[in-house]
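No lab work stands behind these numbers, since they all come straight from the coordinates. Everything numeric here is computed off the predicted structure, so don't read it as measured data. Glycine also receives a Cβ, built like all others from the backbone with ideal geometry; neighbour counts cover every protein chain displayed.
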Amino acid sequence: MNIHVCDVEGKPSICFDTGLDPRSFARTKMSQSLIEPGYIVYPDGSKKVWKSSGVNDINGFMRVWGQHFEGERLDKVLEKIDSPQQGPMSLAQLKAETPAQAALKAVAFWIRAKLLLGDVDSTLHPGAVFINNSEGDDPQGSVFFTPMNLAQRCLLVEGDDLNRFSCPDLYGIDASAFCAGAMLYKILTKSYPFPDEDVIFQDMREGVFLPPRLAAPGLDEKLSELIQSALMLPVENKKIHISGTDVLSGLLKILTEKENEKDSVSSLFKKIPGEEINRLEKERGRFLLLQKIFVKTRRFAVQNKPALWGAAGILLFIIFVFASMSKNRNERLTTEGMASDQVVYAYYDAFSSLDHIFMEACILGADKSDINVAASYYAVSKVRQSYEYSTGPLVISARFWKENGGELPAPNVFGVTDMTIERLEGREDDNFIVYRVSYLLWFPNEDIPSSRTDVLTLKRHRKNWRITEINRTLN
């Protein structure tokens, strides 16, 4: 490590190995680092300015050193979370704090020190911060923020030129709040919020990460919201509006409330039943899939804006023609002469065949999300046909597909299969009937269908049965 504790003149000191020979040290004006301040923040709120004591030559390379601080580098505290236990644990190890507990306590000390420093410009990189997590010459909870530029030079030589916990677009207390959120995310989920090094800063700016509630199921809801808010601070059009100071204060309150807990990590989680875990796992998978599609699409659009403008003009023309045709058809289609159960069957058949015009004729005041899905697939299908010069349907009805063998994979299959319908209440003479409909819904490129149960309320309107309410349950 290039920032470490070593002996100078027979005494322990904080040392910074710059990796520069004397000539390069002078040419890069690194000698100015001797007057660059660091800060030691004590638990009682007092602060002390730390400055280098001198420079010495170690094997031809310049080392800056100064007053000793008893503590451990914060990045090394965080790294221990991922380190596997080697061999059986001793009694002392069993009684000691777990790496995650020690990391939580260290981050709590770090947050408190940042709040006490306020607007003072201090280093963010965990590798440039020492935390005293135990009693010693310096009180437990003391934090040493090393000189910023000197530490940055040493960490660069050390090979750590990518700080996963800092966003270059943030400054002051907002930057500290983001860093705290990223460190807590790492501790509580065992993964980085922005793992892809190739696009890490772009992901930070766009808020591309798995939300804490899905990354760590059962995590305290308030803590999860604060971490989410912290990681959204660099996003320009964020939906969450909360200041960095409020984020840090909220995080510190939660962490210090758990300070006396036997296991401060487990106390931040609530027990959740197996069914809820399975539901969250499915939601996590859907979220990651949709996020991947959305991010790729957005970034592709930014890189290919001129070509997309041309395609958009063509699409608008198609939509205009399609809307004109839809208006004429909508005026003709009705459910006249159909019994109530026939309307239900016809509605789901129209859904499978993307006949959103007839679906509109079946609906009166009910939720239209199914119609929007059918219309979207219909529009996409028509655009693809125009580009691919195809005359056949690009989306196949799920019922037709199943009746013809139902082989997987089925990239172009959409619609309803295995439908059962049951009358729950009402009569034809009362002009009011409620049905329960259970079915499987197949989406393109998905080998496992969605199991759904809908409760439909139908009323007779001008002699025609119409669906007035759809209550859906995902099984």
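Some notes on this structure:
- Within a straight-line Cα-Cα reach of under 26 Å, LYS48 can be paired with the following lysines, leaving aside sequence neighbours fewer than 8 residues apart in one chain: LYS11, LYS29, LYS76, LYS105, LYS114, LYS253.
- Helical content alone sets the calculated 222 nm signal of the chain at -13500 deg cm²/dmol, taking -39,500 (n - 2.57) per DSSP H segment of four or more residues and averaging over every residue.
- Cα gyration tensor shape of the stretch 335-474, rounded if a/c is under 1.5, else prolate or oblate by comparing a/b with b/c: prolate
- The ranking of ILE396, ILE470 from fewest to most other beta carbons within 10 Å of each one's beta carbon is ILE470, ILE396.
- Only lysine pairs 8 or more places apart or on separate chains count here, and in the stretch 335-474 those with Cα atoms under 24 Å apart total 4.
- Theoretical gain in end-to-end length, ASN372 to THR334 [0.36 nm per residue, Cα-Cα removed]: 11.8 nm
- A simple rule links phi to the HN-Hα coupling: the Karplus curve 6.51 cos²θ - 1.76 cosθ + 1.60 with θ = phi - 60°, which for the stretch 215-220 gives 6, 9, x, x, 4, 3 Hz, with x for Gly and Pro.
- The slack between LEU156 and VAL49, meaning 0.36 nm per residue of separation minus the straight C-alpha distance, is 36.1 nm.
- Cys residues of the chain counted as unpaired, since no other Cys beta-carbon is under 4.7 Å: CYS154, CYS167, CYS179, CYS362
- Taking Cα atoms only, the orientation of helix 369-388 departs from the longest principal axis of the chain by about 90 degrees.
- Loop trypsin sites (Lys or Arg not before Pro), the stretch 353-442, which have at most 16 other Cβ atoms in a 10 Å radius of their Cβ (DSSP): LYS368
- Karplus (6.51, -1.76, 1.60) ³J(HN,Hα), θ = phi - 60°, over the stretch 352-359, in Hz, Gly and Pro reported as x: 5, 8, 6, 8, 5, 5, 5, 4
- Over the chain, Cα pairs under 8 Å with separation of 6+ residues give a relative contact order of 9 percent.
- Rounded to the nearest 10 degrees, the angle from helix 221-231 to the longest Cα principal axis of the chain is 70 degrees.
- Amide H contacts of GLU72 (H built 1.01 Å from N, in plane; Pro and chain starts excluded): ILE131, ASN132, ASN133 sit under 5 Å, all sequence-distant by 5 or more or on other chains.
- Between amide H atoms placed 1.01 Å from N, distances below 5 Å from PHE61 occur with no residue 5 or more places distant or on a separate chain.
- Taken as Cα centroids, the stretch 358-432 and the stretch 1-49 sit 69 Å apart, rounded to the nearest whole angstrom.
- Loop-exposed GluC sites (Glu not before Pro) per DSSP, neighbour cap 13 Cβ within 10 angstrom, longest uninterrupted part of the chain: 10-134
- The distance between label points at SER451 and GLU281 comes to 1.5 nm (points 7 Å beyond Cα on the Cα→Cβ vector).
- Note on GLN202/ALA311: beta-carbon distance plugged into 1/(1 + (r/R0)^6) with R0 of 30 Å gives a FRET efficiency of 0.80.
- Likely footprinting exposure, ILE58, ILE227, fewest C-beta neighbours within 10 Å first: ILE58, ILE227
- Given the alternatives (i) 23.8; (ii) 30.7; (iii) 27.5, Kirkwood radius over Cα pairs in Å as computed for this entry is given by (iii).
- Counting beta carbons within 10 Å around each of HIS68, HIS356, HIS241 and listing the fewest first gives the order HIS241, HIS68, HIS356.
- Model label sites at GLU403 and SER249, defined 7 Å from Cα along the beta-carbon direction, differ in position by 6.6 nm.
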